[in-house]
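What follows is a single structure, written as structure tokens, with notes after it.
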Amino acid sequence: MNLEPETATEYEIGIIKSFDKVHFRAATWYYDIENFINDNGITAPGSGAGSNCLYNIDSVELYGFELEAALHLSEKIKITASYVYQEHDVSQTGYEQDWTYYLPASLPKHKVKVLAGYEIINDGWIELSSRFVGSRGSQQNDELDDYFVCDLGFSKKFIVNGLDYNLKLYVNNITGTDYEEVAGYPMPEYVWGMSLGVSF
């Protein structure tokens, strides 16, 4: 079977508005994809990544919206929050089997991110970030559970001998959440580290 070239028409529109202590952004999008090339090579029984699992889907529609707000409550406190909703519609192909999988299904419908920062010393910020990712499909013909993860970090900017340095200390997944971003690959329970950057 010959594959047709994949083409897409994309529409996006957004608005940005700043108030006294709030910076707000909103956007929405719609993607109309024709002859979407779908790959079931991972899930097809006994086929490995065989080319028989590559085929066109006549029409795939992706659409959604994003909201984001940045709040500067004071010179020492900042909060940023965002929410993303996305959905897809897929036309039937006639190749549907128990193991078939649509790549757009790997997109979660809901994503939420929140970042809060507090300046504890001059140019030294402690930050707590969290993110929620809703359930979504996987290429193992299964559904990945939603998850909620929190990260904690500290960053400090300073100057030595005319050079700008940025020190960062962090601990990711401080709650020890058991989750997978990609099916079959559990994320580490805890990740901690340090980095030091310099600008010449």
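The values are calculated or read from the model by the stated rules, or taken from the named source; none is laboratory data. Note that the coordinates shown come from a computational prediction; the quantities given were computed from them, not determined experimentally. Cβ atoms come from the backbone with ideal geometry, glycine included; neighbour counts cover every protein chain shown. Keep in mind that these areas ignore ligands, DNA and RNA; they rest on the heavy atoms of the full protein, side chains included. Shrake-Rupley method; radii C 1.70, N 1.55, O 1.52, S 1.80 Å.
Values for this structure:
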| read-out | value |
| --- | --- |
| All positions within segment 136-150 that are in a strand (DSSP E or B) and open to solvent by less than 70 Å² (accessible area, probe 1.4 Å) | R136, G137, L144, Y147, V149, C150 |
| Segment 1-40, subset small (G, A, S) and within 21 Å of the chain's Cα centre (by Cα), residue most open to solvent (accessible area, probe 1.4 Å) | G14 |
| Test for I126: is it under 21 Å from S195 (Cβ atoms), of a type outside the set (F, W, Y) and open to solvent by 70 Å² or more (accessible area, probe 1.4 Å) | no |
| Test for N2: is it more than 30 Å from W125 (Cα to Cα), at pLDDT below 95 and not in a loop (DSSP other than H, G, I, E, B) | no |
| Residue check for G176: out of contact with any helix residue (DSSP H, G or I) (no Cβ under 6 Å at 6 or more places or on another chain) and outside any loop (DSSP other than H, G, I, E, B) | no |
| Counted residues, segment 151-188 - those being open to solvent by 80 Å² or more (accessible area, probe 1.4 Å) and under 19 Å from the mean Cα position of the chain (by Cα) | 5 |
| Strands (runs of 3 or more DSSP E) wholly inside segment 6-121 containing at least 3 residues that are at pLDDT 95 or above and more than 30 Å from K156 (Cβ to Cβ) | 7-18, 22-39, 54-74, 77-90 |
| Selected residue (criterion: most open to solvent (accessible area, probe 1.4 Å)) from residues of segment 190-200 that are modelled with pLDDT of 90 or more and not β-branched (V, I, T) | W192 |
